[in-house]
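This report concerns only the one structure given below.
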Amino acid sequence: MITDFLISIGFSRCNSEPCLFVKDEGREMILLYVDDAIISCEKEDRIHEIITEIKKVFELGEEGALDWYIGSFIEDGGDTLFIKSERLYY
């Protein structure tokens with residue numbers, strides 16, 4: 001359902017990564033993993049517009065700025081994102 005919805009609002013599914021959806025020559029991207037998503041856009045207000053569109057059809061919880069995703073910690077360093085992943089052994 002989400003694939004069909006994202007395509008209906010103008011996103012295209014990436015051929016090499018089926019969980020990645022792009023729009024506007026890559027200026028807008030949505031990466032899906034099970035029930036999590038990352039939305040990336042050149043303009044922050046566009047992120048809120050996309051979230052509003054999604055909420056019209058799906059239940060959606062917003063977590064705010066990205067700081068953790070699929071076992072990796074993410075830190076915004078301004079012009080650079082720092083990603084740290086620790087493997088824990090028990």
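Take the chain, mark every one of the trypsin sites (Lys or Arg not before Pro) that falls in a DSSP loop and has at most 15 other Cβ within 10 Å, then report the longest stretch left between them, sites excluded.
In the chain, the maximal stretch lacking such sites is 57-86.
Could you pull out the chymotrypsin sites (Phe, Trp or Tyr not before Pro) across the range 1-61 that fall in loop regions by DSSP (anything but H, G, I, E, B) with no more than 16 other Cβ atoms inside 10 Å? The partial results should precede the final answer.
Working: sites: PHE5, PHE11, PHE21, TYR33, PHE58; in loops: PHE11, PHE58.
Sites meeting the loop and neighbour criteria: PHE58.
Under the √(5λ) rule applied to the eigenvalues of the Cα gyration tensor, what semi-axes describe the equivalent ellipsoid of the chain? Give them in Å, descending. Before the final figure, lay out each step's value.
Values: eigenvalues 112, 50, 40 Å².
Ellipsoid half-lengths, sorted descending, are 24, 16, 14 Å.
All other residues with a Cβ under 12 Å from the Cβ of ARG46 taken together, and with Lys, Arg as +1 and Asp, Glu as -1, what is their net charge? Could the numbers behind the result be given before it?
On the way: positive: LYS23, ARG27, LYS43; negative: ASP24, GLU28, GLU42, GLU44, ASP45, GLU49, GLU53.
Overall, the nearby charge balance is -4.
What FRET efficiency comes out for the pair LEU32/PHE82, r = Cβ-Cβ distance, R0 = 22 Å, nearest 0.05?
That pair, LEU32 with PHE82, gives E of 0.45.
What share of all Cα pairs of the range 30-81, in percent, falls into each consecutive 5 Å distance bin?
In whole percents, the pair-distance histogram is 4, 15, 29, 27, 16, 7, 2.
What residue among GLY10, THR80, LEU60 has its Cα farthest toward the positive end of the dipole of the chain, where the charges are +1 on Lys, Arg and -1 on Asp, Glu, each on the Cβ?
Among GLY10, THR80, LEU60, the one farthest towards the positive end of the dipole of the chain is GLY10.
Compute the signed sum of charges (Lys and Arg +1, Asp and Glu -1) over the other residues within less than 12 Å, Cβ to Cβ, of LEU60. Before the final figure, lay out the partial values.
Numbers: positive: LYS55, LYS56; negative: ASP35, ASP36, GLU53, GLU59, GLU62, GLU63.
With Lys, Arg at +1 and Asp, Glu at -1, the net is -4.
At 222 nm, what value in deg cm²/dmol follows for the chain if DSSP H runs of at least 4 each add -39500 (n - 2.57) and the sum is divided by all its residues, to the nearest 500?
Helix-only estimate at 222 nm: -6000 deg cm²/dmol.
Filter the GluC sites (Glu not before Pro) in the chain down to the DSSP loop ones having no more than 14 other Cβ atoms within 10 Å, then list what survives. Don't skip to the answer; put the middle values down first.
Numbers: sites: GLU25, GLU28, GLU42, GLU44, GLU49, GLU53, GLU59, GLU62, GLU63, GLU75, GLU86; in loops: GLU25, GLU42, GLU59, GLU62, GLU63, GLU86.
Counting only loop positions with at most 14 other Cβ atoms within 10 Å, the GluC sites (Glu not before Pro) in the chain are GLU25, GLU42, GLU59, GLU62, GLU63, GLU86.
Each reported figure results from applying straightforward, stated rules to the coordinates on display, with no laboratory input. Keep in mind it's a predicted model, so treat the numbers as computed, not measured. Because the Cβ atoms are built from the backbone with ideal geometry, glycine has one as well, and the counts that use them run over all protein chains shown.
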